[in-house]
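The values are calculated or read from the model by the stated rules, or taken from the named source; none is laboratory data. Every value quoted in this text rests on a predicted model; they were computed, and no experiment measured them. Every residue, glycine among them, receives a Cβ derived from its backbone with ideal geometry; neighbour counts consider all protein chains shown. Just so you know, the surface numbers come from the protein's heavy atoms only, side chains and all, with ligands and any DNA or RNA stripped out. Shrake-Rupley method; radii C 1.70, N 1.55, O 1.52, S 1.80 Å.
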Amino acid sequence: MGIVESSRVAFTTFQLKGAAYQWWRAYELGSQVEEALLNWAQFSQMFMREFVPQSLRNAWRTEFEQLCQGAMSVSEYAVWFSELSRHAPALVSTFIERVCRFIEGLNPGIKFSMARDLETDIPYQQAMEISQR
């Protein structure tokens, strides 16, 4: 969609309706001007806490922890990985952790092929060594 980071919150809150709109108005009215300026991560976290039950967020986190490619294509696995990883940010807080976790969930044949192809890729090897410490 191409929305710049600085406009994501404004674009999203402009579209809120009903209870979500009332929640956001109450937040804006109760906040100092500086506090009301949230980045996307802060807004998203607040919104999820307010409107998505903790039990559902826990289920998504568990699903992410157990996610494996299985019968999915790599593209389908990548989409699920991205969707579910939002609910377990502590598990993939760095780029290296994210790459390593993604590779761990791939089917063994693909994982082996990637490892063989990347044997000479020094940055990849360093990332794997760092993640195993």
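Here are some residues: E119, E129. Which one is at pLDDT below 90, over 16 Å from the mean Cα position of the chain (by Cα) and not in a loop (DSSP other than H, G, I, E, B)? Give the steps one after another, and end with the answer.
On the way: E119 fails: not in a loop (DSSP other than H, G, I, E, B).
That would be E129, the only listed residue that is at pLDDT below 90, over 16 Å from the mean Cα position of the chain (by Cα) and not in a loop (DSSP other than H, G, I, E, B).
None of Q69, Q42 is under 22 Å from T13 (Cβ atoms) and either open to solvent by 70 Å² or more (accessible area, probe 1.4 Å) or not in a helix (DSSP H, G or I) (or both) except Q42.
Annotation note: Cβ proximity below 9 Å between a residue of the stretch 1-17 that is surrounded by 10 or more Cβ atoms within 10 Å (Cβ to Cβ) and a residue that is basic (K, R) and modelled with pLDDT of 90 or more (sequence gap 6+ or interchain) occurs for L16/R25.
Open to solvent by less than 80 Å² (accessible area, probe 1.4 Å), within 14 Å of the chain's Cα centre (by Cα), at pLDDT 85 or above and more than 30 Å from R25 (Cβ to Cβ): does that describe F102?
Working: open to solvent by less than 80 Å² (accessible area, probe 1.4 Å): yes; within 14 Å of the chain's Cα centre (by Cα): yes; at pLDDT 85 or above: yes; more than 30 Å from R25 (Cβ to Cβ): yes.
The answer is yes for F102.
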